[in-house]
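The values are calculated or read from the model by the stated rules, or taken from the named source; none is laboratory data. The shown structure was predicted, so the numbers you read here are calculated from the model rather than taken from an experiment. All Cβ positions, even for glycine, are placed from backbone atoms using ideal geometry, and neighbour counts span all protein chains on display.
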């Protein structure tokens, strides 16, 4: 299994793309532009992009195509939303070759954390207190997705308070991935690195939904990240 956790730790900042639709052309654009990993969805209505994702069986063909395209690039999947995901839903995803599963903690059955062979990226939302994450490392969480921005703040610019809230999560010793609930720009990257963030995940708020725009946006972030690695 390709390790997403290791990917996030190997450089100052990793670049992840969350597909707003399960379309091969979006995955192609992201990988061509230099994304380090990508994430897809099933069984969920994605509010940020206004898109509905079907069941595993409905999406299986395109998901298999995306996994084949990605080769050695980590591909993660959100297995559902709005309910508690059960362990038996994860096993088929592991068999398909997904590197990690991704969900809010309140959508994750505790037994999922004990499933070997697939990593778990777990998110608090804006309602969580930081103490609720105290045992996540011990229980088997691999990556924290910092989905902590209030819905009314989606698409607004990054601010100093956001950085402080992200930095507070570094105390747990897990890689931190920041999704683009805020409208991040390449100029934000040095501050995110300074705050202890290991990865950013670009989504529809920043990239839009058209392959050309996706490519151009990811390429811009890729070049900015590479400059910050120097």
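Residues in segment 181-230 that are closer than 16 Å to residue 163 by Cβ and touching a residue at least 60 places away in the same chain (Cβ under 8 Å): 181, 189, 192, 193, 197, 198, 199, 200, 228. In the condition set (1) at pLDDT below 95; (2) closer than 26 Å to residue 23 by Cα, residue 228 is compliant with all but (2).
Do we find a residue being buried (at least 20 other Cβ atoms within 10 Å of the Cβ), under 17 Å from residue 211 (Cβ atoms) and either within 13 Å of the chain's Cα centre (by Cα) or modelled with pLDDT under 95 (or both) anywhere in segment 27-37? Yes. Among the residues of segment 61-81, those that are out of contact with any strand residue (DSSP E or B) (no Cβ under 7 Å at 6 or more places or on another chain) and either touching a residue at least 24 places away in the same chain (Cβ under 8 Å) or part of a loop (DSSP other than H, G, I, E, B) (or both) comprise 62, 64, 65, 69, 71, 72.
I'd like to verify a number: residues in segment 103-118 that are assigned to a helix (DSSP H, G or I) and more than 17 Å from the chain's Cα centre (by Cα), how many? Can you show your working first?
Quick first cut of segment 103-118, residues assigned to a helix (DSSP H, G or I) only: 105-107, 110-114.
Next, from what is left, pick out any that are more than 17 Å from the chain's Cα centre (by Cα): 110-114.
So the count comes out to 5.
Report, by residue number, each residue of segment 92-110 that is in contact with a helix residue (DSSP H, G or I) (Cβ under 8 Å, 6 or more places away or on another chain) and under 13 Å from residue 40 (Cβ atoms). Step through it out loud before you land on a result.
If we filter segment 92-110 for residues that are in contact with a helix residue (DSSP H, G or I) (Cβ under 8 Å, 6 or more places away or on another chain), which is where we start, we get 92-93, 96-101, 105, 109-110.
Result: 93, 96, 97, 98, 99, 100, 101.
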